[in-house]
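What follows is one structure encoded as structure tokens, with my remarks underneath.
The values are calculated or read from the model by the stated rules, or taken from the named source; none is laboratory data. All values derive from a computational prediction rather than experimental measurement. Every residue, glycine as well, gets a Cβ built from its backbone with ideal geometry; the counts of neighbours run over all protein chains shown.
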Amino acid sequence: MGLEDGTGTTDHNQEDSGATIAAAETTPYIAWRRNSPLVQVILMGLVCFCCPGMFRALSGMGGGGQVDPTAANNANTALYAALAVFCVVGGGLFNVAGPRLMLPAGCITYALYAWSFLYYNHTRDQTVIVVAGGILGVGGGMLWSVQGAVLTSYPPPERKGAYISMFWVIFSSGGVVGGLIPFSLNFHRAADSVNDATYIVFIVFMVAGNVRNRNSFSVFVFLHACPWQIKTLVLPI
């Protein structure tokens with residue numbers, strides 16, 4: 001009797017599981033809902049289009065748009081020194097803060113960096129550029145930590161390659177579009193630097209990238225680690 005009851009219960013559970021799987025297979029996949037993996041990856045691409053993409057264009061001007069590259073070189077030294085550190089600890093910070101806090105914090109540092117060149121255009125004071133470069137290194141480490149988590153966690157396995165390719169197409173387009181900004185605004189200019197409008201347009205794009213991500217990244221729930229677990233998360237021994 002007990003075996004019969006157990007068998008009956010097992011058969012009933014299997015029937016329920018089969019019905020659940022069949023229902024899931026017949027449920028239409030809504031790819032374009034706001035919190036779908038596809039939309040979230042596209043939004044991540046647009047954020048990187050506006051921030052790191054425009055940073056690429058700003059750096060690609062040579063010397064940050066200045067004839068004398070000394071200030072830009074010093075800023076890049078501070079930037080990549082900080083970036084090297086925060087790309088390592090970024091994973092631990094991500095587990096503590098999550099994408100909603102880290103991504104806006106990282107994005108705003110790109111606008112600050114572009115503004116520092118606008119400031120330098122009028123004052124010739126390198127201090128602000130170097131400090132902004134160091135801050136951007138911190139923010140860039142946070143942004144790319146979020147980007148890595150999004151691109152490896154959100155896409156379903158069967159679509160991961162297509163989603164990652166889509167991200168890189170959108171992101172790389174930022175450098176192309178950003179390269180047209182100084183070209184179009186300084187085509188007939190014969191000064192020793194690009195004009196203020198060039199930096200202002202870069203700042204607008206970077207701020208737009210920060211605004212764009214405010215309603216993003218609600219599809220995936222991350223398990224947050226306690227602050228004292230950061231060392232274990234970042235440098236497991």
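If I filter the stretch 26-37 for residues that are farther than 13 Å from MET142 by Cα, in a helix (DSSP H, G or I) and at pLDDT below 70, do I get at least one hit?
Yes, the stretch 26-37 contains at least one residue that is farther than 13 Å from MET142 by Cα, in a helix (DSSP H, G or I) and at pLDDT below 70.
Select from the stretch 60-79 the residues that are on the phi < 0 side of the Ramachandran plot and either crowded, with 21+ Cβ neighbours inside 10 Å or of a type in the set (A, V, I, L, M, F, W, C) (or both) and list them in ascending order. Once the filter is applied, which keeps residues that are on the phi < 0 side of the Ramachandran plot and either crowded, with 21+ Cβ neighbours inside 10 Å or of a type in the set (A, V, I, L, M, F, W, C) (or both), the stretch 60-79 yields MET61, VAL67, ALA71, ALA72, ALA75, ALA78, LEU79.
For every residue, the table says whether it meets (1) surrounded by fewer than 20 Cβ atoms within 10 Å (Cβ to Cβ); (2) at pLDDT 90 or above; (3) outside the structural domain of TYR199 (by TED's automatic domain parsing); (4) part of a helix (DSSP H, G or I).
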{"residue": "MET54", "(1), (2), (3), (4)": "no, yes, no, yes"}
{"residue": "ALA81", "(1), (2), (3), (4)": "yes, yes, no, yes"}
{"residue": "VAL85", "(1), (2), (3), (4)": "yes, yes, no, yes"}
{"residue": "GLY91", "(1), (2), (3), (4)": "yes, no, no, yes"}
{"residue": "ARG100", "(1), (2), (3), (4)": "yes, no, no, yes"}
{"residue": "LEU136", "(1), (2), (3), (4)": "no, yes, no, yes"}
{"residue": "GLY139", "(1), (2), (3), (4)": "no, yes, no, yes"}
{"residue": "TRP144", "(1), (2), (3), (4)": "yes, yes, no, yes"}
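Count of the stretch 119-152 residues, restricted to those that are more than 16 Å from LEU79 (Cβ to Cβ) and more than 16 Å from the chain's Cα centre (by Cα), is 6.
In the condition set (1) more than 13 Å from the chain's Cα centre (by Cα); (2) surrounded by 19 or more Cβ atoms within 10 Å (Cβ to Cβ); (3) part of a helix (DSSP H, G or I), PRO155 is compliant with all but (3).
Condition (residue is farther than 21 Å from GLY60 by Cα and free of Cβ contacts under 8 Å to residues at least 40 places away in the same chain) applied to the stretch 126-143: is it met by at least one residue? Yes, some residue in the stretch 126-143 is farther than 21 Å from GLY60 by Cα and free of Cβ contacts under 8 Å to residues at least 40 places away in the same chain.
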